[in-house]
1. Sum up the charges of everything whose Cβ sits under 9 Å from the Cβ of N129, counting Lys and Arg as +1 and Asp and Glu as -1, but leave N129 out.
2. Taking neighbour Cβ counts within 10 Å as the exposure measure, how do D133, D143 sort from fewest upward?
3. Using the Karplus curve 6.51 cos²θ - 1.76 cosθ + 1.60 with θ = phi - 60°, what ³J(HN,Hα) values do you get for each residue of segment 145-151, in whole Hz, with x for Gly and Pro?
4. Taking a 24 Å limit on the Cα-Cα distance, which of the listed pairs K96/K189; K131/K203; K96/K203 fall beyond it?
5. For segment 174-208, which trypsin sites (Lys or Arg not before Pro) are both in a DSSP coil and crowded by at most 14 other Cβ atoms within 10 Å?
6. If each residue of separation counts as 0.36 nm, what is the full-extension length gain between D133 and V65 once their alpha-carbon separation is subtracted?
7. Along segment 88-100, what does the Karplus equation 6.51 cos²θ - 1.76 cosθ + 1.60 (θ = phi - 60°) give for ³J(HN,Hα), rounded to whole Hz, x for Gly and Pro?
Amino acid sequence: MFEFINDEDERGQVGIGTLIVFIAMVLVAAIAAGVLINTAGFLQSKGSATGEEASAQVSNRIDVVSAYGNVSGESVDFVNLTVRQAAGADNINLSKSTIQWIGPDKAVTLTHNTSANALNSSDEFYTENVKGDNSDVLVQQSDRISVVLFAGGTNQTNKSTSDPEIGITDGLGAGDEVQLTLTTQYGSKTTYWATVPESLKDKNAVTL
């Protein structure tokens, strides 16, 4: 039933072959273990970075405290949003943020401009300090910054009758609605619906 090897030379050859196979198996197992450890470390690092990024997008948001519109004639020419940090948010730099404007007849992405010339722009917004030490960075939750968007109307820098109509649109009329999406430098988004009241008669300012 069993084959016995009586020749000493043949016995030695079988032993060496077995040893070589064993060593090869150990090497393969070691290489595979190294690959698995490296892969696990990479995935852990990647998962940690992704988790931190996702957490930042969720927590580092802007809250809109209030909104009002400046009324000129029969339309709203300026939209003003007072904003603050959301609870638990880090510093939010509004100069690195964008605002997507989707209005009745136009969609545009607005960028920040530190100059008041933004008040005459069709694709920029301007920020003013309300409470706190900065005009474009929210450091504490108690800080308040006013975000100003020029909806449309006569040039505010030079109000001569020859000035063209400029701004994001031609102004917002009664009953108009605008979707404003504020995106911070972290990628977090806050959406605010600004709705103009049905009547603007004899009004200088209205809540949006």
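1. Charge balance near N129 sits at -2.
2. Ranking D133, D143 by Cβ neighbours within 10 Å, fewest first, gives D133, D143.
3. Those phi angles translate into 10, 9, 9, 10, 10, 8, 5 Hz.
4. From the list (K96/K189; K131/K203; K96/K203), the Cα-Cα distance tops 24 Å for K131/K203; K96/K203.
5. Qualifying residues, ordered by number: K201, K203.
6. My answer for the length gained is 22.7 nm.
7. So the J values, rounded to whole Hz, are x, 7, 7, 4, 10, 9, 5, 5, 9, 9, 10, 10, 8.
FYI, it's all coordinate maths here, none of it is from the lab. Here the structure is a predicted model, which is why all the values come from computation and not from measurement. With ideal geometry, Cβ positions are generated from the backbone for all residues, glycine too; neighbour counts draw on all protein chains shown.
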